[in-house]
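What follows is a short report on a single structure.
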There are 4 protein chains.
Amino acid sequence: MATPRWPAGESEQTALAQEKETGRVEAFSDGVFAIAITLLILELKVPKGPPGTLLANLVAQWPTYLSYLTSFVTILVMWVNHHQMFNLIRRTNVAFLFLNGLLLLFITVVPFPTALVSDHLLGPDSKTAAAVFGGTYFGIAIAFNAVWRYASGGLRLIDPRVDVRSVEAITRAYRVGPAAYFTTFILAFVWVPASLGLNLALAVFFAVTASIRNPTPLP
Amino acid sequence: MATPRWPAGESEQTALAQEKETGRVEAFSDGVFAIAITLLILELKVPKGPPGTLLANLVAQWPTYLSYLTSFVTILVMWVNHHQMFNLIRRTNVAFLFLNGLLLLFITVVPFPTALVSDHLLGPDSKTAAAVFGGTYFGIAIAFNAVWRYASGGLRLIDPRVDVRSVEAITRAYRVGPAAYFTTFILAFVWVPASLGLNLALAVFFAVTASIRNPTPLP
Amino acid sequence: MATPRWPAGESEQTALAQEKETGRVEAFSDGVFAIAITLLILELKVPKGPPGTLLANLVAQWPTYLSYLTSFVTILVMWVNHHQMFNLIRRTNVAFLFLNGLLLLFITVVPFPTALVSDHLLGPDSKTAAAVFGGTYFGIAIAFNAVWRYASGGLRLIDPRVDVRSVEAITRAYRVGPAAYFTTFILAFVWVPASLGLNLALAVFFAVTASIRNPTPLP
Amino acid sequence: MATPRWPAGESEQTALAQEKETGRVEAFSDGVFAIAITLLILELKVPKGPPGTLLANLVAQWPTYLSYLTSFVTILVMWVNHHQMFNLIRRTNVAFLFLNGLLLLFITVVPFPTALVSDHLLGPDSKTAAAVFGGTYFGIAIAFNAVWRYASGGLRLIDPRVDVRSVEAITRAYRVGPAAYFTTFILAFVWVPASLGLNLALAVFFAVTASIRNPTPLP
């Protein structure tokens, strides 16, 4: 972190306090993202079975790897987006902290639907599991938009040095999420593989579009 | 984090060391808050039951979601308050570190009473579970007040640039906590739903009052 | 974090890189301390038993609370000491990183002997459990001294602005640890309550002496 | 963290944003490394058995301690290397964030093969367990090289003040990893002790070579 040149006096003190506050929200959020993404592994259990069957049992639990991968990539994409969002945000307030907290609530929940899909993908309850999975991601997308809309509405918490077009570009990009994840939720009741496939595809899609939105700076 | 203009010389060095120390206490505390709030999810277990009953079993474990939500919001509110408190604190000492450690002890304990309520809300032991739940929160409120009273008494560790009225406003606001959470503890022996309902209501109430105490800065 | 005035030019760049390095070691160590201290709660399990027996079962698992408390306070004291140590350290090198890693290895192990004592304090294996508990703490004390001796030997990694007497005072204070914890290890084979009681007493003792070593700065 | 003197104006603002970004990637990565290394302990379970057999059962689960130690040291070495790598990197972009995310994916997976080896080292499935263990480490080595090659290729994200020879020295040093860990993977099918022994030896070897590459600065 580096030293911005703020105007001296009282406003400097306020600016310092705000700079410090944004830093702590980011640190706390990073902590939650990092823990949630790492706790996912606890759902990957050593398979039980008679001696000599480990390899077959490891292969048989492929739904676990698939849901692990989808959840890992989704949380990672969410973290990258959170990261980009906070690059533009200079101030916080308590309402913003709680909206961000709502987002973190959904992020911390992710290991639960991930375990549901791991355990039930191949059984008669796969639709229920996939619906909870898609529904959680839908909740994340809604919460993400709520955080961003609150921060960017009237440029409420945006750094004054940021170009308004960057703000609008992010607003447009985030608009896709809720509709897309609502589709995965609905698809869960129709055809589970399509629902989960779309979940994974969306994670990859958002990774790629985030890359295009923020290209490599020229050396 | 930014660069305050301290008087030069030896006092500058001390100031730097203290600034550094506050940062590490906040980082450590943030870590504990972030981990405790994320570990809560490990109590949300995939329900066991015969094939085809997943949805019904998911619905049946609604006490788990309720205690999860209450604990998540309470830890989040505690973190936001901790955050506001540290905005006013510039110095630390070892006594303060241990009082803060006592607070963190209660925060890390939260997943345990949360699991108690999840498992016993619908059984004959619900009063015991709710009393441990309310008692833990009462402990958190006491510890929170101890940290703040120590730091703010005689403005011991308060940033000299902070207005005394902000300090007094926080002292008044925190006074509510212990009495309110003691009530949830007592209510547990009378009527469990009232005790748990008050716990959730208090989390929401403290979220709202924190918002009023720290309104959106004008753009 | 604030901006020291280093001599300009090439040495400034080196100084910056080193400052950054110390910060990351502290952050990583803080993370490990924070996670280890928070994971302890996972050993506190909801007791199983017939309906109506929860309160009795909660009381019956008092060894769990005792070992939890001892481990929590010990890790907290270790963190406070680590914190004080790093206030004096300005530089790092890879050997130091690995010695610090050895210390973190012992810190992360703490939940295991804590669970051992919780499960076996009241049975015929209590000596084994207490010996592993005391042995782990002995290992922590050894590793702590190794880190500090390496950093402070010939003032190798110490901030040049630090008074040599502060360094020597810490060296003397840390010398007590290995002998004291070796005693708890030996006592485990003689009388388990004395061993565990000494463990808890040492945590409190080190908390108090750390407070005396670093008193409240005058307002 | 300290204050570099960037050219004033628009480029300063960009530099600040980039500095901030690198900090957050490091913080997030540190979080994941710290959590993964601390979660390893959850695989160390209190052994079950009739009263009086605890010591024998603790000794009997020596494969658990061995795989714990190997994984702990490996993650620690990876963290130290990650640390050294980021000392040379000043900028980030989204492609880099996702390559770093791929590396973190493999790091978070480590507790799983560690548990596999703990549970199956002494049974007929030891080859499968060792192969998954070696294969995971091979994946880490590949991901590590991918992150570094991307960042250092054409000095894409490297701090302009860094000497090109330092970059080339790291590139050469990292080249060893994939070949060495591929050997542990192949050895798993031939002779399990050799495979696991090589894994532990490599962790120590990389620790020592990292120390030589970055010697103690003269006092």
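The values are calculated or read from the model by the stated rules, or taken from the named source; none is laboratory data. Small disclaimer: the values here were computed from a predicted structure and weren't measured. Positions of Cβ are backbone-derived with ideal geometry, glycine not excepted, and every protein chain shown enters the neighbour counts.
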For the stretch B:68-98, which residues satisfy the criterion of being assigned to a loop (DSSP other than H, G, I, E, B) and within 21 Å of residue B:168 (Cβ to Cβ)?
-> B:90, B:91
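Do you know which residues across the stretch C:104-123 are in a loop (DSSP other than H, G, I, E, B) and farther than 23 Å from residue B:31 by Cα?
If we filter the stretch C:104-123 for residues that are in a loop (DSSP other than H, G, I, E, B), which is where we start, we get C:110, C:121-123.
Of everything in the stretch C:104-123, those that are in a loop (DSSP other than H, G, I, E, B) and farther than 23 Å from residue B:31 by Cα turn out to be C:121, C:122, C:123.
On the basis of being away from every other protein chain (no Cβ under 11 Å), closer than 18 Å to residue B:68 by Cα and surrounded by 21 or more Cβ atoms within 10 Å (Cβ to Cβ), does residue A:107 make the cut? If you could, list the steps in order and put the result at the bottom.
Values: away from every other protein chain (no Cβ under 11 Å): no; closer than 18 Å to residue B:68 by Cα: yes; surrounded by 21 or more Cβ atoms within 10 Å (Cβ to Cβ): yes.
Taking the combined requirement at face value, the residue does not satisfy it.
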Of the listed residues (B:106, B:133, B:205), the one being under 14 Å from the mean Cα position of the chain (by Cα), free of Cβ contacts under 8 Å to residues at least 40 places away in the same chain and within 30 Å of residue C:57 (Cα to Cα) is B:106
Any chance residue B:29 is assigned to a helix (DSSP H, G or I), of a type in the set (Gly, Ala, Ser) and more than 10 Å from chain A (Cβ to nearest Cβ) | no
For residue D:141, work out the one condition from (1) closer than 14 Å to residue D:78 by Cα; (2) out of contact with any Gly (no Cβ under 8 Å at 6 or more places or on another chain); (3) small (Gly, Ala, Ser) it doesn't fulfil.
-> (2)
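Kindly indicate which of C:137, C:150, C:65 is out of contact with any Asp or Glu (no Cβ under 6 Å at 6 or more places or on another chain), in a helix (DSSP H, G or I), crowded, with 24+ Cβ neighbours inside 10 Å and of a type in the set (Phe, Trp, Tyr). Give the steps one after another, and end with the answer.
Values: C:150 fails: crowded, with 24+ Cβ neighbours inside 10 Å; C:65 fails: crowded, with 24+ Cβ neighbours inside 10 Å.
After ruling out the rest, the residue left standing is C:137.
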Would you mention how many residues in the stretch B:110-128 are small (Gly, Ala, Ser) and facing chain C (nearest Cβ under 7 Å)?
-> 2
Meets criteria (under 18 Å from the mean Cα position of the chain (by Cα), in a helix (DSSP H, G or I) and surrounded by fewer than 24 Cβ atoms within 10 Å (Cβ to Cβ)) for residue C:101 = no
Return the residue satisfying two criteria in turn: it lies in the stretch A:43-59 and is assigned to a helix (DSSP H, G or I) and in contact with a helix residue (DSSP H, G or I) (Cβ under 6 Å, 6 or more places away or on another chain), and of such residues it is surrounded by the fewest Cβ atoms within 10 Å (Cβ to Cβ).
-> A:55
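Okay, residues lined up against (1) more than 24 Å from residue A:45 (Cα to Cα); (2) among the basic types (Lys, Arg); (3) crowded, with 21+ Cβ neighbours inside 10 Å:
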{"residue": "D:36", "(1), (2), (3)": "no, no, yes"}
{"residue": "D:40", "(1), (2), (3)": "no, no, yes"}
{"residue": "D:61", "(1), (2), (3)": "no, no, no"}
{"residue": "D:71", "(1), (2), (3)": "no, no, yes"}
{"residue": "D:87", "(1), (2), (3)": "yes, no, no"}
Test: residue B:155 is on the phi > 0 side of the Ramachandran plot, facing another protein chain (nearest Cβ under 7 Å) and of a type outside the set (D, E, K, R) = yes
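Which of the residues belonging to the stretch B:157-197 are assigned to a loop (DSSP other than H, G, I, E, B), of a type outside the set (A, V, I, L, M, F, W, C) and touching a residue at least 60 places away in the same chain (Cβ under 8 Å)?
The answer is B:159, B:160.
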Can you name the condition, by its number, that residue D:123 falls short on among (1) surrounded by 22 or more Cβ atoms within 10 Å (Cβ to Cβ); (2) under 26 Å from residue A:48 (Cα atoms); (3) free of Cβ contacts under 8 Å to residues at least 12 places away in the same chain?
-> (1)
Taking residue C:160 as meeting all but one of (1) surrounded by 15 or more Cβ atoms within 10 Å (Cβ to Cβ); (2) of a type outside the set (A, V, I, L, M); (3) within 13 Å of another protein chain (Cβ to nearest Cβ); (4) under 24 Å from residue C:93 (Cβ atoms), write down the number of the exception.
-> (1)
Some residue of the stretch A:200-212 being within 21 Å of residue A:97 (Cα to Cα), within 11 Å of another protein chain (Cβ to nearest Cβ), part of a helix (DSSP H, G or I) and modelled with pLDDT under 85 | no
